[in-house]
Amino acid sequence: MNNTDIKPEYMQRAIKLAIKAVGHTAPNPYVGAVIVKEGRIIGEGYHRKYGELHAERDALSRCTESPEGADIYVTLEPCCHHGKQPPCTEAIIEAGIKRVIIGSRDPNPLVSGKGTGRLKENGIDVIEDYMRNECDQINYVFFHYITTKNPYVVMKYAMTLDGKIATPKGDSKWITSEAARLKVHEDRNRYSAIMAGIGTVLADDPALTCRIEGGVDPIRIICDTNLRTPIKSTIVESADTVRTIIATGVTDISRYLPYIDKGCEIKCVSTKDGHIDLIELMKRLGSLEIDSILLEGGGTLNWAALNAGIVNRVQAYIAPKIIGGENAPTPVRGVGIRMMENAIRLKDSHIIKVGDDYMIEGEIK
Ligand SMILES: NC(=O)c1ccc[n+]([C@@H]2O[C@H](COP(=O)([O-])OP(=O)(O)OC[C@H]3O[C@@H](n4cnc5c(N)ncnc54)[C@H](OP(=O)(O)O)[C@@H]3O)[C@@H](O)[C@H]2O)c1
């Protein structure tokens with residue numbers, strides 16, 4: 001078959017559609033689909049929300065004319081198993097689609113290669129790996145979660161040009177500009193949960209909610225080995241409206257009651273070196289279908305998370321301000337790494353300007 005008529009703009013459109021659902025599909029992926037017939041888009045759709053139609057069925061249901069003989073561009077391999085929705089491969093076959101152009105491969109063992117196999121068995125032309133890199137970039141959380149069953153952890157912090165996350169007095173409001181803080185709120189909408197240490201709760205009494213219009217509040221997770229979170233803290237006081245998990249090493253359940261009364265969930269985890277075991281905690285959170293976490297810890301929890309190997313990505317906001325102070329806290333504390341050659345490194349790191357500030361982001365190697 002001649003494939004010269006396959007065009008990147010259709011896959012770009014499918015990607016654009018897919019990311020319209022940011023914050024709404026977890027633990028499912030973002031997927032977009034565009035149906036093209038004789039050089040015209042006749043239908044397009046995306047997976048809008050967890051439990052709702054998959055992108056292919058959404059696009060087929062919106063076709064302005066018969067999709068028989070058309071091409072479908074889809075950012076991720078179509079599923080072939082029954083989940084919350086029936087298999088997309090069957091909808092494509094029934095609609096008489098002639099060719100399927102796929103971006104990402106689906107690492108989900110229930111789908112991987114089987115979706116394309118089912119299409120080919122039914123005489124449909126399948127083009128795989130089309131603009132795969134671009135398509136893969138939208139689903140790094142899904143790929144990690146589906147293969148490890150652990151949440152994808154993004155460690156985010158804001159620091160001054162001289163590497164401080166608060167003044168020696170503990171003041172941290174605000175290090176970065178409003179534009180940078182808005183971007184953080186977009187990420188609180190994007191990721192399923194937000195995690196902080198008890199040190200930050202005691203110092204700042206944060207709300208850890210998403211304050212953008214139409215945004216979804218992340219599930220709040222507090223790492224609090226000895227259950228020191230004040231009952232009068234903003235987080236506990238708002239736990240009846242925003243899902244809140246306190247991870248603790250305390251086994252005396254009578255101490256849980258005041259928190260449970262306020263709407264908190266308490267997860268008792270093992271301790272390691274006197275603090276909660278973060279690896280075990282990640283497994284527990286993964287089993288609750290929490291696919292991603294924005295870690296907004298102070299330097300103590302940040303170091304512990306890096307040291308435990310649970311961090312996947314780092315987002316460092318850098319404000320062009322200097323405050324100095326030997327005792328001003330830094331974003332990563334702990335015992336640190338002794339030799340430069342053993343430094344934790346980022347791959348594919350990039351920098352963007354956000355308002356007056358800069359943000360460097362990359363995945364841990
Ligand atoms: N600029 C920023 O981006 C930013 C972000 C967050 C915080 N901050 C600032 O950071 C400061 C607080 O930093 P922090 O280092 O004191 O607080 P933190 O990292 O938020 O919390 C540290 C506490 O977490 C608890 N924890 C639970 N499990 C742990 C584990 N496995 N390993 C290590 N600790 C664990 C420990 O107490 P227990 O073991 O007793 O539970 C520990 O003392 C505040 O001044 C805040 O304003 C700045």
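The values are calculated or read from the model by the stated rules, or taken from the named source; none is laboratory data. Worth saying up front: this structure is predicted, and the values here are computed from it rather than measured. A quick note on method: Cβ atoms are made from the backbone with ideal geometry, for glycine too, and the neighbour counts reach across all protein chains shown. Ligands, DNA and RNA are stripped out before the accessible areas are found, and what is left, the full protein with its side chains, is counted by its heavy atoms. Shrake-Rupley method; radii C 1.70, N 1.55, O 1.52, S 1.80 Å.
Some notes on this structure:
- Test result for residue 220, within 26 Å of residue 8 (Cα to Cα) and touching a strand residue (DSSP E or B) at 6+ places or on another chain (Cβ under 6 Å): no
- Condition met for residue 151 (within 25 Å of residue 348 (Cα to Cα) and without any contact (Cβ under 8 Å) to a residue 60 or more places away in the chain): no
- Residue check for residue 312: open to solvent by 10 Å² or more (accessible area, probe 1.4 Å), farther than 23 Å from residue 348 by Cα and more than 10 Å from the ligand (Cβ to nearest atom): no
- Test for residue 228: is it out of contact with any Phe, Trp or Tyr (no Cβ under 7 Å at 6 or more places or on another chain), in a loop (DSSP other than H, G, I, E, B) and of a type in the set (D, E, K, R): yes
- Of the residues in the range 112-120, at least one is open to solvent by 30 Å² or more (accessible area, probe 1.4 Å), in a loop (DSSP other than H, G, I, E, B) and within 15 Å of residue 29 (Cα to Cα).
- Just so you know, in the range 333-348 the residues that are part of a loop (DSSP other than H, G, I, E, B) and open to solvent by 50 Å² or more (accessible area, probe 1.4 Å) include one that is farthest from residue 299 (Cα to Cα), and it is 339.
- Hits in the range 240-253 - residues which are closer than 21 Å to residue 293 by Cα and more than 16 Å from the ligand (Cβ to nearest atom): 240, 241, 242, 243
- Inside the range 29-56, residues that are crowded, with 24+ Cβ neighbours inside 10 Å and farther than 21 Å from residue 69 by Cβ make up a count of 7.
One line per residue, one yes/no per condition, for (1) within 25 Å of the chain's Cα centre (by Cα); (2) more than 9 Å from the ligand (Cβ to nearest atom); (3) surrounded by 20 or more Cβ atoms within 10 Å (Cβ to Cβ); (4) under 14 Å from residue 197 (Cβ atoms):
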| residue | (1), (2), (3), (4) |
| --- | --- |
| 255 | no, yes, no, no |
| 268 | yes, yes, no, no |
| 275 | no, no, no, yes |
| 290 | yes, yes, yes, no |
| 320 | no, yes, no, no |
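- Checking each residue in the range 315-365 for being in contact with an Asp or Glu (Cβ under 7 Å, 6 or more places away or on another chain) and free of Cβ contacts under 8 Å to residues at least 40 places away in the same chain picks out 346, 347, 348, 349, 350.
- Residues satisfying the stated conditions in the range 178-212, i.e. β-branched (Val, Ile, Thr) and either part of a helix (DSSP H, G or I) or touching a residue at least 60 places away in the same chain (Cβ under 8 Å) (or both): 184, 194, 198, 200, 201
- Of residues in the range 349-365 being in a loop (DSSP other than H, G, I, E, B) and either at pLDDT 95 or above or in contact with a helix residue (DSSP H, G or I) (Cβ under 6 Å, 6 or more places away or on another chain) (or both), the one surrounded by the fewest Cβ atoms within 10 Å (Cβ to Cβ): 356
- Residue in the range 297-305 that is in contact with a Lys or Arg (Cβ under 9 Å, 6 or more places away or on another chain), near the ligand (Cβ under 10 Å from one of its atoms) and open to solvent by 80 Å² or more (accessible area, probe 1.4 Å) present: yes
- Filter result (more than 16 Å from residue 125 (Cβ to Cβ), surrounded by fewer than 13 Cβ atoms within 10 Å (Cβ to Cβ) and touching a residue at least 24 places away in the same chain (Cβ under 8 Å)) within the range 57-88: 65, 66, 84
Yes or no, residue by residue, for (1) open to solvent by 40 Å² or more (accessible area, probe 1.4 Å); (2) more than 13 Å from the ligand (Cβ to nearest atom); (3) farther than 27 Å from residue 262 by Cβ:
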residue: 180; (1), (2), (3): no, no, yes
residue: 185; (1), (2), (3): no, yes, no
residue: 200; (1), (2), (3): no, no, no
residue: 226; (1), (2), (3): yes, no, no
residue: 235; (1), (2), (3): no, no, no
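- Of all residues in the range 209-222 being open to solvent by less than 10 Å² (accessible area, probe 1.4 Å) and hydrophobic (A, V, I, L, M, F, W, C), the one that is nearest to the ligand (Cβ to nearest atom): 222
- Applying the criterion of being within 8 Å of the ligand (Cβ to nearest atom) and of a type in the set (Ser, Thr, Tyr) to the residues of the range 155-175, the residue that is nearest to residue 357 (Cα to Cα) is 157.
- In the range 9-54, the qualifying residues are those that are part of a strand (DSSP E or B) and of a type in the set (Gly, Ala, Ser), and the one that is nearest to residue 133 (Cα to Cα) is 32.
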